[in-house]
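The values are calculated or read from the model by the stated rules, or taken from the named source; none is laboratory data. The model shown is predicted, which means the values in this text are computed figures rather than measured ones. Counting neighbours? That spans all protein chains shown, and the Cβs are built from the backbone with ideal geometry, glycine included.
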Amino acid sequence: MKLSLSVFPLRGIPMGCLLGAMLCGALTSHLYAQETPADSLKLIQLNEVIVISAGKQLDHQKQRKPLSTLDEFLESSLSVNMVKRGAYAWEPTMNDMASERLVVTIDGMQIFGACTDKMDPITSYVDVSNLAEAQIGSGQQGAVFGNTIGGGINLKLDKRNFKPTGWTGSLESAYESNNKMRVFGGELNYSDEKFYLNTDAIYRKADNYYAGSDEEVLFSQFEKYNFSINSGYKLTAGKSISATLIYDEANDVGYPALTMDVSLARAVIGSVSFNQDTLFGNFSNWESKVYYNNIKHVMDDTKRPDVIIHMDMPGWSETAGFYTQANFNKEKNHFFFKLDGYYNKSYAEMTMYPTNSNEPLMFMLTWPDVRTKDVGFYAEDHIPFEKASLKLSTRLAYHSSTVADDFGLNSLKIFYPEMDKTNTRFLKSFSAQYHKMLNDFHFNGGLSYGERAPSVSEGYGFYLFNSFDNHDYIGDPELNTESSADVNLSVTYKKPTFEITAGANYFHVFNYIIGVVDPSLSTMTIGADGVKIYTNLDYAQLFNASLSGRYNISNAFKLSGSVSYHRGIDNDGENLPLISPLSYRSALDFYKNQYSASLSVDGAGEQINYNPAYGETKTAAYATLSASFGKRFFIKDNDLFVKTGIENILDTNYSSYTDWNNIPRMGRNLYLTISYSIN
């Protein structure tokens, strides 16, 4: 397999621009990678780590917008884009692949949304107050978190971990002018050498936001509560237990890009862990965790005008799981082993209420109580050489899905009379990543292969309406396993004051799963244009290239920037949906004497390679300008941090390729954040 531009019809892209993006793309996968100068192995462990830690003053100073939503933190990543259906619960994508092809975990725990319309991605059930960082692995670098094609995101919880800090706490508040968002939060922590306890709470409430030129975006309001407790107790030296509980609830959430809103999105997430520093022989860092989470999601259209038929659409997702992992070091081999598994129940229904009360109700199971079992084994080996390292990894998994509800099973048998109640798959992934240091250059390259099972919607969805292309969707339980072979290359030139990286990756996805129109079927949704059935295409190709860099102008000023190019086509050469056009960002940051400031530009070129068959329309080029200013004050032994800023200074009215049905983005927005920390 060769990485070649010739496999793509690169229409409308200036070759000089494309080559520039290719020559400098690797920085996007390396600029924020884990780095330990004395240990080159970690340079290829993760592609990116986004520090969140909302309660830490040092991080507040480095962040341009503290107390922003988790969605905004992830969107600041070089690797992740967010699909927006409103102001809340954006869906992360990586390598131009959406949630079906990614694995997203919270502190290593598998969690699955309960909404058939993707209105509740996993990232919507935590908040920045819970988290220390987001760990991002592209392609099979994310397989440590689970089966994936495009990559993995692990949202790591913030824990004190037996530091002798005693009692600490903080109070935080923020306000945004555009949608009048109010944020109130706080945390209270205790930690010593034997015990720690972290508690935090945060509340967010926002009204409708306004796009550029004072255009109100109706049904974009939301309200969210989040509470979490995590604690740990040291049993003996090197042995400890810990527990976590998160409660997250959102109410009155508007989705302007969709036909329905959400009256309730609630998650309860709990876990218990055991940790042991040394095991037997050369085993170390043994961690075992059991966890459980329960999600309820209720779609609601009662606040929408001119509803032809009122519908109730609740959904439930329940997951129990475990993992146990350890390191094993022997001579020059540094192994990591992980055994994990989960059991998930996904159930969703729809009830239609005709305007004529004498007519019977219409009821269907949109997710027919699908029970999924998955047990996987992951292993990797880091092998150091002189100024080089090699990482080999593999994941093997047993995956089984069963339709437990007879009514739902019989509904699907209308289309698939010979379908089995249970479908079993064996999933595999393999990866080899090589890193070489040569003077001031870092070279990274890798080859990978991975597989994933169809999602619940793709396999068993029953008349799911997609407002983006205005079609009903039906799953296919007999879909083939989707697989991908990918290659990635990058080179970094690094000096103390200057760094630039160029890189690219290419995915050849076999049995690519996507909806295809079946003209023989009738629609269920009033006004829908047709019915699509999830189908395997022979293959699809995705290519991503990027250029990023930083320059330390002085001890106080830092300049950074990135540009990226993306392309995706199917086996007939047709454009795939939701593929990013040429995009860029640049920022000038200042930090000195407890003062911080930034000036940033974000933008994208015109979306040329779009596909109307999937509901896409051309989006225009845009650019936005933002700025912020902050100051840290010392009050005895405590900290007070104040930050203010303005986003979209020019009040540009725009939407991007990730904005569902081209809903416009937020216009000019002023924000103020105040945080008081008690040490």
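Observations on the model:
- Among the residues making up region 442-499, a single one is out of contact with any strand residue (DSSP E or B) (no Cβ under 7 Å at 6 or more places or on another chain) and on the phi > 0 side of the Ramachandran plot: Asn470.
- Put simply, of Ala250, Ala201 the only residue that is under 21 Å from the mean Cα position of the chain (by Cα) and small (Gly, Ala, Ser) is Ala250.
- Counting only strands (runs of 3 or more DSSP E) wholly contained in region 417-515, the ones carrying 2 or more residues that are under 23 Å from Tyr565 (Cα atoms) and of a type in the set (A, V, I, L, M, F, W, C) occupy 441-452, 482-494.
- Test: residue in region 119-127 that is without any contact (Cβ under 8 Å) to a residue 60 or more places away in the chain, of a type in the set (A, V, I, L, M, F, W, C), buried (at least 24 other Cβ atoms within 10 Å of the Cβ) and touching a Leu at 6+ places or on another chain (Cβ under 7 Å): no
- The single residue among Asn294, Asn282 that is of a type in the set (S, T, N, Q), out of contact with any helix residue (DSSP H, G or I) (no Cβ under 9 Å at 6 or more places or on another chain) and farther than 25 Å from Asp405 by Cβ turns out to be Asn282.
- For region 417-433, the set of residues classified as touching a residue at least 60 places away in the same chain (Cβ under 8 Å) and among the aromatic types (Phe, Trp, Tyr) consists of Phe430 only.
- Selection within region 622-633 - in contact (Cβ under 8 Å) with a residue 40 or more places away in the chain and not polar (S, T, N, Q): Gly630, Arg632
- In this entry, Asn593 passes the filter for residues that are closer than 30 Å to Thr644 by Cβ and either surrounded by fewer than 20 Cβ atoms within 10 Å (Cβ to Cβ) or not hydroxyl-bearing (Ser, Thr, Tyr) (or both).
- Residue that is nearest to His382 (Cα to Cα), among those in region 316-349 that are charged (D, E, K, R) and buried (at least 20 other Cβ atoms within 10 Å of the Cβ): Asp340
- Single residue of region 204-230 satisfying the filter (polar (S, T, N, Q) and surrounded by fewer than 19 Cβ atoms within 10 Å (Cβ to Cβ)) that is farthest from the chain's Cα centre (by Cα): Ser213
- Among the candidates Ala620, Ala627, residue that is closer than 16 Å to Leu599 by Cβ and among the aliphatic types (A, V, I, L, M): Ala627
- Matching residues in region 350-373 - criterion: being surrounded by 15 or more Cβ atoms within 10 Å (Cβ to Cβ) and either of a type in the set (Asp, Glu) or over 18 Å from Lys413 (Cβ atoms) (or both): Met350, Met352, Asp369, Thr372, Lys373
- When Ser580, Ser628, Ser586 are checked against the criterion of being polar (S, T, N, Q) and in contact with a His (Cβ under 6 Å, 6 or more places away or on another chain), a single residue qualifies: Ser580.
- Within region 221-259, considering residues that are part of a strand (DSSP E or B) and small (Gly, Ala, Ser), the one farthest from Tyr190 (Cα to Cα): Ala250
- Set side by side, the residues Asn189, Asn208, Asn154 differ, and just one is in contact (Cβ under 8 Å) with a residue 24 or more places away in the chain and touching a helix residue (DSSP H, G or I) at 6+ places or on another chain (Cβ under 6 Å), which is Asn154.
- When each of Glu647, Glu606 is tested for being closer than 27 Å to Ser99 by Cβ and surrounded by fewer than 19 Cβ atoms within 10 Å (Cβ to Cβ), the lone residue that passes is Glu606.
- Of all residues in region 282-307, those being free of Cβ contacts under 8 Å to residues at least 24 places away in the same chain and in contact with a Phe, Trp or Tyr (Cβ under 9 Å, 6 or more places away or on another chain) number 0.
- Selection from region 240-274 of residues that are under 15 Å from Lys296 (Cβ atoms), in contact with a Phe, Trp or Tyr (Cβ under 6 Å, 6 or more places away or on another chain) and not aliphatic (A, V, I, L, M): Tyr247, Asp248, Glu249
- Search result, residues across region 451-470 that are out of contact with any Leu (no Cβ under 8 Å at 6 or more places or on another chain), of a type in the set (Gly, Ala, Ser) and within 20 Å of Gly152 (Cβ to Cβ): Ser455
- Filter result for Ile569 (farther than 30 Å from Phe629 by Cα, surrounded by 19 or more Cβ atoms within 10 Å (Cβ to Cβ) and of a type in the set (Val, Ile, Thr)): yes
- Restricting region 490-529 to residues that are among the small types (Gly, Ala, Ser) and surrounded by fewer than 15 Cβ atoms within 10 Å (Cβ to Cβ) leaves a set whose member that is farthest from the chain's Cα centre (by Cα) is Ser520.
- Here Asp570, Asp651 are screened, and the one residue that is among the acidic types (Asp, Glu), modelled with pLDDT of 95 or more and under 30 Å from Asn511 (Cα atoms) is Asp570.
- Selection status of Ala485, touching a residue at least 12 places away in the same chain (Cβ under 8 Å) and out of contact with any helix residue (DSSP H, G or I) (no Cβ under 9 Å at 6 or more places or on another chain): yes
- Strands (runs of 3 or more DSSP E) wholly inside region 586-679 that include at least 1 residues being among the basic types (Lys, Arg): 622-635, 638-647
So that you can scan it fast, the table gives a plain yes or no per residue for (1) at pLDDT 95 or above; (2) of a type in the set (A, V, I, L, M); (3) touching a Gly at 6+ places or on another chain (Cβ under 7 Å); (4) buried (at least 17 other Cβ atoms within 10 Å of the Cβ):
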| position | (1), (2), (3), (4) |
| --- | --- |
| Ser586 | yes, no, yes, no |
| Pro612 | no, no, no, no |
| Gly615 | no, no, no, yes |
| Asn638 | no, no, no, no |
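- Here Ser242, Ser191, Ser213, Ser177 are screened, and the one residue that is of a type in the set (Gly, Ala, Ser), in contact with a Lys or Arg (Cβ under 9 Å, 6 or more places away or on another chain) and modelled with pLDDT under 95 is Ser191.
- Whichever residue in region 94-118 is among the polar types (S, T, N, Q) and buried (at least 22 other Cβ atoms within 10 Å of the Cβ) and, among such residues, is farthest from Asn251 (Cα to Cα): Asn95
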